[in-house]
Every structure is written in C-alpha cells, then in structure tokens.
Amino acid sequence: MATITIGEQDFLLDSRPHQIISGAMHYFRVHPEQWADRLRKARLMGLNTIETYVAWNAHAPQRGTFDTTGRLDLGRFLDLIAAEGMHAIVRPGPYICAEWTNGGLPSWLFTDPSVGVRRNEPQYLDAIAEYLDQLAPILVPRQVDRGGPVVLVQVENEYGAYGDDASYLERLVELHRGIGLTVPFITVDQPQPEMLERGSIPGLHRTASFGSRVTERLATLRRHQPTGPLMCSEFWCGWFDHWGAHHHTTDAASSARELDVLLAAGASVNIYMFHGGTNFGLTNGANDKGAYQPYVTSYDYDAPLDEAGDPTAKYWAFREVIARYAPVPDEKPAMSGPAPELVVELEGHASLWSVTDDLGEQSPHDELPTMDDLGIFEGFVLYSADIAADGSAVFDVDEVRDRAHVFVDQRPVGVLEREQRASAISLPDDVRGRLDVLVEDQGRVNYGPRIGEAKGLIGSARLNGQTLGRWCVRPLDIGRLDAVRPRLVPNGPVVGPAYRRGGFTLDAPADLFLDTSGWGKGVVWINGSMIGRYWSAGPQRTLYVPAPFLTAGANEIIVLELHGAARPTLRFVARPDLGHTDF
C-alpha cells in the first residue's frame with residue numbers, strides 16, 4: 001500500500017516528493033501479447049509511470065455492452081504495469097480526443113439530439129454514470145492506496161478548448177468520486193490563459209500540454225496553478241499523420257533538450273506518445289478545422305518506441321536525459337532485425353457486388369437515411385436507386401460523409417470526396433438503370449464542435465435537380481469474411497470494388513510490413529483480423545502486422561480493394577515506410 005497526494009510544490013508518494021516521469025501508451029492500440037514487451041522497454045528508458053486513455057466507444061459500441069476482452073482488457077494492462085514496478089495514470093474521459101474515432105464518445109450518444117454532450121445535461125451524465133460503474137471494478141481496486149499502480153486520474157480532456165461549464169466538471173468529479181476513486185484528479189489544457197481557466201475547477205489539479213518553449217509555458221501554468229506540482233501531462237514529442245499529407249517527425253535532439261529543461265525545473269512529465277501503436281480496423285479519427293482530414297492507420301507518432309516496438313534515436317536521447325534525474329536500469333533493449341520479405345499472389349477474387357446480399361439487409365426509404373439512422377456507426381453503406389434521364393445528367397447530394405463511389409449498373413462513374421468538397425458528378429448521357437452509391441465512413445471527427453456528426457449521404461440527393469425519393473439502403477458488414485470466401489473465383493484483373501485472397505507461409509510468427517504501393521484504397525485482413533486501411537494518397541506506404549496476428553505455417557490475407565491494382569500481388573518488406581516528411 002502507498003499514498004499519493006498533492007503537496008505545496010510536489011506530488012508526495014508516501015509523504016516524500018515524487019517526480020512523475022511517464023509515457024503514454026494506449027492499450028487499445030497495441031496487441032495485448034505485446035503489452036509486456038513495450039512496458040518493459042518503457043522501464044528501461046527510465047520511465048516510472050505509464051499513462052493511458054480509456055476509449056469508451058471501443059468498450060461500449062452499443063449501449064448496454066461493455067467489452068473488456070483481448071485488446072480491451074484494461075485490468076490486465078494495469079496489472080502488467082504494476083508487474084514492471086511502475087505506476088499508472090488513467091484518463092477515462094469520457095471524452096479523450098486521442099486521434100481516435102469520435103474522440104472516444106460512443107456514437108449512440110448522438111442518435112438522440114436532445115442529449116447534450118460535454119456539458120451538464122442529465123441524459124449524458126446518466127450515460128457517464130453507467131460507464132464509470134462499469135470501470136469501477138477495474139480501476140478502484142487498482143489504485144495505489146489499495147496496492148495497485150494507479151496514482152492519478154484525469155477528468156475530461158482539454159475541456160478549456162471546448163467549453164466552460166463548471167457545473168459539468170463538478171458533476172464529473174462527483175461521479176468519479178462516487179465509484180470509489182480516491183487518488184488525485186487532474187485536468188489538462190494547452191497553456192493558454194483562457195483554456196486553463198475554463199478547463200478546470202477548484203479541486204482539480206491543472207496540468208498542461210506542450211512540446212516546446214518549456215520555461216515560458218511552465219510559467220503560464222504556474223500563474224493558473226499557484227501551488228502544487230507543475231506537470232506537462234502531454235509532452236508532445238511527435239505528431240500524427242493524415243491521408244494525403246506528409247509523415248510528421250520531430251528532431252530527437254531538440255525534443256531531448258526540451259525534456260531536459262522540463263525535468264531540470266522539477267516538473268513532472270508524461271511523454272505523448274512513448275509508444276503510439278496502430279489504429280487497427282476502422283478506429284482512426286479525423287480532424288476538421290474547416291477541412292476534413294482523416295488520420296492514417298499508423299499511430300507511430302514518431303515516438304521513442306516506434307510502431308513495431310523498436311527504440312528510435314529519440315528513445316536513446318530521452319534515456320540519456322532521464323538518467324540525469326532518475327535511476328535508469330543498465331539493461332538496454334535490443335533492436336529487432338529486418339522483417340521477413342515475401343511476395344504473395346492473390347488468386348481468389350470476389351466482386352463486392354457478388355456478396356452484398358450476404359453483408360447486410362436492404363431496406364426501402366423515401367428519404368435518405370444516414371448511417372447513424374440505421375444504427376451503423378462505422379464502415380460502409382450502399383445507397384441504390386433506379387434512375388432515368390434524357391441527354392446529359394448530373395447527380396448531386398447535399399453532403400457526403402465521407403467518400404462516395406458512384407456506379408451505374410455496377411460500372412464505376414467516379415468518386416465524391418468530402419476532402420474536396422465534391423458533391424456533384426456527371427453521369428453518362430441518356431442514363432437509365434441502377435444508381436449505386438457506396439459510401440465509406442473514413443473516421444469520425446475527434447476534436448471540436450463536429451464530434452458526433454452523422455455519416456453517410458446527408459440531406460437529399462437529386463438527378464438533374466429533381467429529388468430522388470425512392471432508395472434502397474444496405475449497411476455492409478465488410479468483415480463478414482465467411483460470406484466472402486465461398487464466392488471467390490480464380491484470378492482475374494483487380495477491378496474494384498472487390499475482395500482478393502491469398503496465402504503465405506511462415507516458419508514462425510514474426511512482425512511483418514505489408515507494402516501497399518501499387519494498390520488504390522481499401523482494407524486488409526490477416527487471418528481474419530482487420531489490420532486497417534491503406535490508400536495510395538499516402539503518406540503511409542506500409543501496414544504493420546504484429547506477430548501475434550500470425551501463425552507458424554499457413555496464413556491468409558484478404559484485401560478489399562475499392563479502386564483497382566495493376567497486378568494481383570502484394571509484398572511484405574523488411575522495413576516500415578510511413579512516407580515522405582516535410583524536410
């Protein structure tokens with residue numbers, strides 16, 4: 001048993017000054033069989049604490065469910081932190097941002113417009129109460145004063161950038177305390193006066209998020225948190241990537257110098273990220289600050305420990321700095337060698353059109369429903385209507401969220417993209433037949449006022465200005481691979497949208513890097529597990545495949561390609577390629 005309190009200038013662990021040297025690692029972005037390895041490497045860098053968000057929507061994709069298995073086993077993750085002799089900071093939100101779809105808030109919260117999120121609204125707070133009750137058996141007995149690793153809990157996240165409802169924060173504190181949490185509570189905001197003021201209340205210890213100008217920003221924080229320990233609870237040592245841009249990197253030496261200034265000032269720190277991991281499946285979020293920008297599958301973040309768990313130059317630079325202020329083990333982690341290189345022929349082929357009946361039930365609608373209206377909160381939906389026009393024809397829709405492939409009689413016409421603000425497309429002259437619009441949710445906005453917005457075709461759609469009022473709409477469960485496999489036929493050209501299947505053998509499971517160059521846009525499964533999205537827009541050119549997804553002997557790969565590829569082959573390469581940088 002131990003105690004953690006907030007003193008006049010320091011965190012006090014068993015009444016002694018304690019400098020927290022933490023690193024962020026999200027259990028839901030790392031395969032659970034790799035948690036122990038990553039945590040050990042955190043300790044070997046000199047960290048004494050691990051911080052993690054809790055992704056409410058991952059645990060509760062539907063109200064009334066709460067999954068804590070596999071990659072969502074938070075209790076096991078915290079126990080492994082304790083086994084390494086480290087502490088834990090837990091950030092259950094309920095809003096987390098985190099470049100995670102919908103900022104961690106379940107999409108079902110938004111289906112009733114009377115629910116007011118991130119404010120003192122009864123229905124929202126009732127849902128949070130349910131959520132915290134489900135977390136209580138995991139978190140409460142694992143607090144440091146009960147023999148566990150948890151030393152701090154963060155309430156909300158960067159609230160000063162969103163709202164100023166002090167009564168909401170007060171209710172959150174009551175709810176968190178009400179389930180039995182006794183450790184100190186903190187908040188985090190960017191070190192701007194107005195954000196620090198709005199984002200906290202008395203009884204919540206303010207911390208800040210920044211990655212540079214340490215002395216100046218600590219001074220700003222101190223003006224708004226006159227007593228107690230100074231803490232940068234998000235020390236930004238890298239950044240995230242979005243499709244169609246460059247791969248973000250930061251200079252290791254510059255970041256290490258800033259970390260040195262921070263620790264020399266006696267401040268505590270949480271390095272964001274220590275190990276970023278991967279947005280497996282369809283879990284990536286998106287930014288929209290006037291332009292919609294979905295994030296890539298990799299969450300490498302240019303962190304000290306890269307996506308595959310290897311130390312980077314930043315790891316060694318940070319380790320050297322930390323050693324000036326805290327004990328660092330003599331042991332050093334080893335680097336892994338090059339990954340196996342393989343060429344895989346994708347021989348089985350199944351057009352998406354051949355399996356749509358097996359991927360979801362179709363329903364008729366007089367008005368366009370959103371995906372959310374259908375109770376579908378990620379993935380793909382197919383909208384279909386019979387059309388006829390003499391002469392030239394234009395199809396347009398009020399808004400596309402987020403990307404729509406347009407077909408007439410299953411022949412591709414073009415793509416409407418939210419990023420390009422494209423909502424109208426020319427159809428063939430004298431068009432008659434079946435109009436199909438395949439809409440992809442590319443990731444829900446995780447920051448700002450557009451959190452919770454519906455996906456799909458929004459508003460109404462028209463042909464030559466006349467509203468189309470009869471639609472058949474089918475949600476597509478693209479991961480229903482048992483329905484796909486029986487429809488596979490021998491090789492043909494890779495013409496999307498279509499599934500392709502291949503096999504490869506390994507002497508033993510090993511981390512792999514799948515090179516997706518030469519392919520257009522789509523999703524990949526390995527042995528039935530969805531690895532994530534790929535896109536020729538870049539910057540990411542390889543997908544990380546963790547060894548625990550693989551087996552010794554035969555392995556299966558399935559690709560859903562939306563556009564097309566010149567050759568039905570894929571390569572596994574020796575090293576990751578996350579794309580060009582801005583240098």
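Taking a ≥ b ≥ c as the square roots of the eigenvalues of the Cα gyration tensor of the stretch 281-381, is the shape rounded (a/c under 1.5), prolate (a/b larger than b/c) or oblate?
Details: a/c = 4.05, a/b = 1.94, b/c = 2.08.
Oblate.
Report the gain in length on full extension from Asp582 to Ser114: 0.36 nm times residue separation, minus Cα-Cα distance, nm rounded to one decimal.
Length gained between Asp582 and Ser114: 164.1 nm.
Within the stretch 297-369, list the trypsin sites (Lys or Arg not before Pro) lying in a DSSP loop whose Cβ has at most 16 other Cβ atoms in a 10 Å radius.
Filter output for the stretch 297-369: Arg324.
For the stretch 361-476, what class follows from the C-alpha gyration tensor (a ≥ b ≥ c being the square roots of its eigenvalues): rounded when a/c is under 1.5, otherwise prolate if a/b is larger than b/c, else oblate?
Details: a/c = 1.99, a/b = 1.56, b/c = 1.27.
Since a/c reaches 1.5 and a/b is larger than b/c, the shape of the stretch 361-476 is classed as prolate.
Are there any GluC sites (Glu not before Pro) in the stretch 1-57 that are in a DSSP loop and have at most 10 other Cβ atoms within 10 Å? List them by number.
Glu8
For Phe240, Phe380, which order do you get if you count the other beta carbons within 10 Å of each Cβ and list the fewest first? Please list the in-between numbers first.
Working: Phe240 21, Phe380 26.
The order, fewest Cβ neighbours first, is Phe240, Phe380.
Toward the positive end of the charge dipole of the stretch 361-476, about the Cα centre and with charges on Cβ (Lys, Arg +1; Asp, Glu -1), which of Val408, Leu427, Val439 goes farthest?
About the Cα centre, the residue reaching furthest to the positive side is Val439.
Mind jotting down the distance between the C-alpha centroids of the stretch 376-404 and the stretch 451-492, whole Å?
When both Cα centres are located, 9 Å separates them.
Going by C-beta contacts inside 10 Å, put Glu84, Glu367 in order with the fewest on the left.
Glu367, Glu84
What distance in nm separates the two pseudo spin-label positions at Arg567 and Ser517, each 7 Å out from Cα along the beta-carbon direction?
Placing both labels 7 Å beyond Cα along the Cβ direction yields 1.3 nm.
Rounded, prolate or oblate: which fits the stretch 158-307, taking a ≥ b ≥ c as square roots of the Cα gyration tensor eigenvalues, rounded meaning a/c under 1.5, else prolate when a/b beats b/c?
Taking the square roots of the gyration eigenvalues as a ≥ b ≥ c, the stretch 158-307 is oblate.
Across the chain, how many lysine pairs, 8 or more apart or on two chains, come within less than 21 Å at their alpha-carbon atoms? Walk me through the intermediate numbers first.
Values: Lys41/Lys314; Lys41/Lys332; Lys289/Lys455; Lys314/Lys332; Lys455/Lys521.
Lysine pairs meeting the criterion: 5.
For the chain, what is the mean residue ellipticity at 222 nm derived from helices alone (per DSSP H run of n ≥ 4: -39500 (n - 2.57); sum divided by total residues; nearest 500 deg cm²/dmol)?
Theoretical 222 nm ellipticity from helices: -5000 deg cm²/dmol.
Sort 271-281, 134-144 by packing, meaning the average of other beta carbons within 10 Å per residue, with the highest value first.
Descending packing order for the listed peptides: 271-281, 134-144.
Taking the number of other C-beta atoms within 10 Å as the exposure measure, put Tyr124, Tyr295, Tyr325 in order starting with the fewest.
The order, fewest Cβ neighbours first, is Tyr325, Tyr124, Tyr295.
Note down the nm distance, to one decimal, between modelled labels 7 Å out along Cα→Cβ at Ser212 and at Glu361.
Here the modelled spin labels are 5.5 nm apart.
Computed from the coordinates by the stated procedures, all read-outs in this text should not be read as laboratory data. Here the structure is a predicted model, which means the values were calculated and not measured. Counting neighbours? That spans all protein chains shown, and the Cβs are built from the backbone with ideal geometry, glycine included.
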